[in-house]
Amino acid sequence: MGAKKLSVVATRRLPEVVETRMSELFDVTLGPDDGPMSREALAAAMRNCDVLVPCLSDHIDGALLAQAGDRLKLIANYGAGVDHIDVATARQRGILVSNTPGVLTDDTADMTLALILAVTRRIPEGLALMQAGTWKGWSPTAMMGGRISGRRLGILGMGRIGQAVARRAAAFGMQVHYHNRHRLRPETEAELEATYWESLDQMVSRVDVMSINCPHTPSTFHLMNARRLKLMKPTAVIVNTSRGEVIDENALTRMLRAGEIAGAGLDVFEHGAEVNPRLRELPNVVLLPHMGSATVEGRIEMGEKVLINIKTFDDGHRLPDLVIPSMQ
Ligand code: 8YV
């Protein structure tokens, strides 16, 4: 490409080092504050820039893409999941989409284990007791949780993050089971000591902990629907660090309230920040504000990936993290 710098719009504020480097390389407009961009502002940005750097709070659908200017050639998403972008329509309009896979794997897997432990060992309940100043001292029968060692973990979605969860879970003594669109290669399965279930229903009914680690696509929407949630053992717990849409949140809430599922650890919600208020009332539920990949290191590495993808595009080469529509 020519000497003229690419015009890049980032919809949200990014870590300072990322913004600085981005501004050195390109002609950058940063989100005015840290709130999500309005649809109008997003449409205006897409009319006037060469590259858009959105994140999951920006819903880039066909209608918005139809208003994009001819200049817009790359959507370099700040994040791994691209379910908020209509990648197929973007492609048809000649707009490439890239993402940031790999750099948030360990952080998200760590958070999955943190949630499993928080729910089974009742960490938030203990914390609440201490913060309320009402703890009266140790007792042999107080605050008893469950031991995770020896329990069966069922991982739904055995991509990078699912496998990282499997490794951690094995270190905690859990037995790893998984369901995935494609069975892993025998060597990988053996290395992870993971048992494959072709039938998700059968796996769900046999595990003690379910972990959701698949992306949200049309075929994973409500994969954990009311019928499947009912297959879970009443003593089992479910954790989700992927996308809220994979679980029917209302059905889960009803079952948690009725004691038909023992607990849940949720970092993501079906309707974003509109969390079912009934979930908040339950002592056996740990809720987090989508912070699975929120480490300083991870956020900077995500930014570096975005920069590499834009720079590679600028240099006229194939993007290292090109999202192809069939991946969705
Ligand atoms: C990020 C995520 O925080 O990358 C993803 O898909 O869900 C996250 O953990 C988010 O994407 C930032 O845009």
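Projecting the Cα atoms of G154, L56, A109 onto the charge dipole of the chain, computed from C-beta unit charges around the Cα centre, puts G154 farthest toward the positive end.
Compared with the direct C-alpha span, the chain from L282 to E125 gains 55.5 nm at full extension, assuming 0.36 nm per residue. Just the number, please: carbon plus sulfur as a percent of the accessible area of the chain, 1.4 Å probe, no ligands or DNA/RNA counted. The nonpolar share, carbon plus sulfur, comes to 54 percent.
Please find the FRET efficiency linking E304 to H271, where r is the Cβ-Cβ separation and R0 is fixed at 45 Å, and quote it to the nearest 0.05. Don't skip to the answer; put the middle values down first.
Numbers: r = 31 Å, r/R0 = 0.70.
So, using R0 = 45 Å, E works out to roughly 0.90.
The eigenvalues of the Cα gyration tensor, multiplied by 5 and square-rooted, give region 69-162 an equivalent ellipsoid with semi-axes of 45, 17, 9 Å from largest to smallest.
Remark: region 1-139 carries a charge dipole of roughly 100 debye about the Cα centre, counting +1 on each Lys and Arg Cβ and -1 on each Asp and Glu Cβ. Taking every protein chain into account, the 1.4 Å probe leaves I75 with about 0 Å² of accessible area, to the nearest ten. Using only side-chain charges placed at the Cβ, +1 for Lys and Arg and -1 for Asp and Glu, the dipole size of region 105-287 relative to its Cα centre rounds to 500 debye.
For H271, neighbours were defined as the other residues whose beta-carbon sits under 10 Å from its Cβ, and their charges (Lys and Arg +1, Asp and Glu -1) total -4. Using 0.36 nm per residue and subtracting the Cα-Cα separation, the extra length available between D70 and R183 on full extension is 36.5 nm. Against the chain, whose longest principal axis is taken from its Cα atoms, helix 16-25 shows a tilt of about 20°. Rolling a 1.4 Å probe over the protein heavy atoms leaves K311 with an accessible area of roughly 80 Å². Evaluating 6.51 cos²θ - 1.76 cosθ + 1.60 at θ = phi - 60° for every residue in region 108-114, the Karplus couplings come out as 5, 5, 4, 5, 4, 5, 4 Hz, glycine and proline recorded as x. For the chain, the extents of the C-alpha atoms along the principal axes are 71, 50, 33 Å, listed from largest to smallest. Think of it as helices only: each DSSP H run of n ≥ 4 in the chain is worth -39500 (n - 2.57), and spread over all residues that comes to -10500 deg cm²/dmol at 222 nm. Pairwise inverse Cα distances across region 115-210, averaged and inverted, put the Kirkwood hydrodynamic radius at 15.0 Å.
Each part reduced to its alpha carbon centroid, region 269-288 and region 134-175 end up 21 Å apart. Measure nothing fancy, just the Cα-based angle from helix 123-132's long axis to the longest principal axis of the chain, in degrees from 0 to 90, nearest 10. Approximately 80 degrees, to the nearest ten. When peptides 250-259, 264-273 are sorted by average Cβ neighbour count within 10 Å, with the highest value leading, the order is 264-273, 250-259.
The modelled label-to-label distance between S219 and E260, using points 7 Å beyond Cα along the C-beta direction, is 2.8 nm. Positive end of the charge dipole of region 19-166 (Lys, Arg +1 and Asp, Glu -1 on Cβ, about the Cα centre): tell me which of G31, A164, M144 has its Cα farthest that way. Result: M144, furthest along the dipole toward the positive end. Protein heavy-atom accessible surface, 1.4 Å probe, per residue over region 1-63: 51 Å². Ranked from largest to smallest solvent-accessible area, with a 1.4 Å probe on the protein heavy atoms, F26, F172 come out as F172, F26. Pairs of Lys residues in the chain, spaced 8 or more positions apart or belonging to different chains, with C-alpha separations under 26 angstrom: 8 in total.
Accessible surface for region 105-287, divided over its residues, is 50 Å² per residue with a 1.4 Å probe.
The values are calculated or read from the model by the stated rules, or taken from the named source; none is laboratory data. As the structure is a prediction and not an experimental result, all values here were calculated from the model. Here the Cβ is made from the backbone with ideal geometry for all residues, glycine too, and neighbour counts use every protein chain on show. Calculation scope for accessible area: heavy atoms of the full protein, side chains included, ligands and nucleic acids excluded. Shrake-Rupley method; radii C 1.70, N 1.55, O 1.52, S 1.80 Å.
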